[in-house]
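Laboratory data are not the source of any read-out in this text; all were calculated from the coordinates shown. Everything numeric in this text was worked out from a predicted model, so none of it was measured. No Cβ is skipped: glycine too gets one built from the backbone with ideal geometry, and neighbour counts run over all protein chains shown.
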Amino acid sequence: MSYANTRSKPEIQRPISNIFILTSLLAALFMNWLPWEGIWLMLRPDFVAVVLLYWCMNKPWRVGIGISWVMGILADVSDASLFGQHALAYTLLAFGGLALHRRLQMFDLRQQTIQVLGIFVLTYAIYTLAQWQINGYVVWAYFLGSLTSTLLWAPLNLMLRAIQQRSAERESRS
Amino acid sequence: MIDGTQSFRFFNRGPSPAVRLVFFAVLSLLLMFIDARYRYLESARSAVSVLISPIQRMATIPGILWQQADDFFITQNAHQNLLAENAELRSQHQNDAAQLLQLQDLQSENQQFRKLDELPVRHEFSTQLAEIIYAERNVFKRKVLIDKGSQADVQLGQVVMDDAGIVGQITRVYPWLSEVTLITEKDHAVPVQVVRNGLRTILFGSGDTSQLSLRYMPVNADIQTDDVLVTSGIDGVYPPGIPVAKVTKIERDPVYPFARVSCLPVAGVDNHRQLLILSGMPKLPERPEESPASDAGKHARPRRSN
């Protein structure tokens, strides 16, 4: 059952180091800042958003709204967008993750993906809304990013989980 | 599940998520408002940019590696191509050299005439080479970041160009970086002149495409396709006479008061990695305050009236 799938593995319940969380967030920023251009920029998933949502749902008492907001500020500076634009979007994303984390942990990955799409679309909508208020026009293709972010959800989830498991095994062996 | 909820309540974890949401959302909105209206946050922004610049630099490495690999294969395979390009460049260089000689002659002549006429001498501007580190990673903006900042004496409002024409303007200066707003950014304006007949107008960026447009051109204005637009230098921000755009399409619909003129930038706004920053623009005298518009127009005119 899906319930057993996600909950009964003891490795996942183990504490994970802050360094791992920090590294994953920095890696996500790095991925976002690769020189994407043109159509690839439109299709670029928001790695930071996906990783933040992962941590908000799996370790809600470690990564929450505050850390998401800080990541948003970093994204704002690097993107030369207004201070607070990404921060607002990520704040809502984190809240979505916190509010839904119990429900989402019951689901398997496919069901999670559908739920997660809603959160990402909302996040992107907030960002676009702010942009529309400032610039007065909307680039609809920007929403493609929310779709690719959703597609990234399952692989990233599996990857982070695998890394966590491996480090837990190493710990138990030593 | 149950002990999960209990432990969630049991320990003091600070304010609840809803309270935090409201707090951070309001903080973000406040920051956005302040940032949009005033320029108080620039120092904070440059501080944060210093913090994150190592990661940003690292993120450019794959691109640079890719380019180097590309260059490597070009030298391996397209030897013939390179030879042809070399020959072409050499012939162009000879052409340019001849023209440059003429230009020097003309410059000295022009200076002499201007002295005779007691017109202000045209300033020469010095240039500084900079490299684009990132193209815009924001779908909504047409901006690039270049690798020279206030450490290299870059100043706000300086003009950035490539070998063909104007690319943009510096809008934000960080210690080691600066941000260039491209001329294709929405509502970015450049005062220009048509080379053919000296018609003055203003060129606007359109934002989501790399096109430019002339707004407020009367339907009967004397403008044709393939007209070249150069900077007029009226506002003192852009030096005069640098190519900006070429007219590609004109729609004269008598229903509208203005003709729709779309242009393409002459410079490779989206193409190059190396750009030139112009410095040493002459300071124009202050514009007289509270004078009617017609008066201001007369002030600007004598510089080029002959």
Practice prompt. Rank these for me by crowding, A:Leu158, B:Leu29, going from fewest to most other beta carbons within 10 Å.
Written response: A:Leu158, B:Leu29
Practice prompt. Sort all Cα-Cα distances of the stretch B:192-272 into consecutive 10 angstrom bins from zero, then give the percent of pairs in each bin up to the one containing the longest distance.
Written response: 19, 52, 26, 3, 0
Worksheet item: Peptides B:15-27, B:255-267, A:23-35: what's the order by average Cβ count within 10 Å, highest mean first?
Response: A:23-35, B:255-267, B:15-27
Discussion item. Taking each residue in A:64-75, count the Cβ atoms of any other chain within 10 Å of its Cβ, then average. What number comes out?
Written reply: 4
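For chain A, with only Lys/Arg (+1) and Asp/Glu (-1) charged at the beta-carbon, what is the dipole magnitude about the Cα centre, in debye rounded to 20?
On the way: 13 positive and 8 negative charges, 153 e Å.
Roughly 740 debye for chain A.
Please work out the Cα convex hull volume for the stretch B:137-245 and give it in Å³ per residue. Mind dumping the intermediate values first?
Working: hull volume 11.6 nm³, N = 109.
That works out to 107 Å³ per residue.
Need one value for B:47-54: mean number of C-beta atoms belonging to other chains within 10 Å of its residues' C-beta atoms. Kindly include the intermediate steps, with their values, before the conclusion.
Working: counts 1, 6, 4, 1, 2, 8, 2, 0.
The mean count of partner-chain Cβ atoms within 10 Å per residue comes to 3.
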Worksheet entry | Average other protein chain Cβ within 10 Å of Cβ, residues B:55-65 | 4
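Over the Cα atoms of the stretch A:20-174, what is the Rg over Rh ratio if Rh follows Kirkwood?
Values: Rg = 15.6 Å, Rh = 15.9 Å.
Using Cα coordinates only, the ratio equals 0.98.
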Response to the item:
For the stretch B:184-234, the Debye formula with one identical point scatterer on each Cα and no solvent gives log10 I(q)/I(0) at q = 0.13, 0.15 Å⁻¹ as -0.29, -0.39
Response to the item:
Per the stretch A:89-155, sqrt(5λ) over the Cα gyration tensor eigenvalues, sorted largest first, in Å, gives 25, 14, 6
Response to the item:
TM-like helix rule applied to chain A (DSSP H, alpha carbon span at least 30 Å on the long axis, mean Kyte-Doolittle at least 0.5) gives A:109-135
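Give me A:Ser78, B:Ser279 sorted ascending by neighbouring Cβ count inside 10 Å, so fewest comes first.
Details: A:Ser78 23, B:Ser279 14.
Result, fewest neighbours first: B:Ser279, A:Ser78.
Per the helix-only calculation at 222 nm, which mean residue ellipticity applies to chain A, given -39500 (n - 2.57) for every DSSP H run of n ≥ 4 and division by its residues, nearest 500 deg cm²/dmol? Don't skip to the end; give the middle numbers.
Working: 9 runs with 138 residues, N = 174.
Here the helix-only value at 222 nm equals -26000 deg cm²/dmol.
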